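The block underneath contains the structure these notes are about, expressed in structure tokens.
The values are calculated or read from the model by the stated rules, or taken from the named source; none is laboratory data. Values in this document were obtained by computation on a predicted structure and should not be read as measured data. FYI the Cβ positions are ideal-geometry reconstructions off the backbone, even for glycines, and counts take in every protein chain you see.
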């Protein structure tokens, strides 16, 4: 590791350890901008420092990087651990992402007896707090009877909530369902 990079990481760690909230907020902003721009190599070390300091947004975004192997080695277990830490702090995006890992992951579904049920549990946790993607995902699970008892009324309840929160797929579903009912 080049000396300059090493020293900047030490300086960042010292700054975070000093408890300077403004600096941490600035580092998070820089990390999120890098993440959103697809500069994962820049985002990962910043997110890692913030995640280790307990920042739930950083924990969530770093979990995404580990899940997809962007800027860090792909590792679903690390992704899950980070997402669970973030979810424990109330981050609904992390709750939703945990559900998604159980639906679409390679390793995550092997860690539990019923991955669909585990996904539904996490989708519900985020959905009950108004997370539109989780509401829609939970609605689809009720529609298909995956991880939950198949229940069209419950499915429509969650999909309608997602539509009310602006979810495009849910809006389309509700519109087509309304047309079919006419």
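Among helices (runs of 4 or more DSSP H) entirely within the stretch 1-75, having at least 1 residues that are at pLDDT 95 or above, out of contact with any helix residue (DSSP H, G or I) (no Cβ under 9 Å at 6 or more places or on another chain) and farther than 22 Å from residue 89 by Cα singles out no element at all.
If you go through the stretch 114-171 and keep only what is in a helix (DSSP H, G or I) and out of contact with any helix residue (DSSP H, G or I) (no Cβ under 8 Å at 6 or more places or on another chain), you end up with 117, 144, 153, 164, 168. Identify all residues within the stretch 104-113 that are in a helix (DSSP H, G or I) and either crowded, with 21+ Cβ neighbours inside 10 Å or out of contact with any helix residue (DSSP H, G or I) (no Cβ under 8 Å at 6 or more places or on another chain) (or both); write none if there are none. Listed by number, the residues that qualify are 104, 108, 110.
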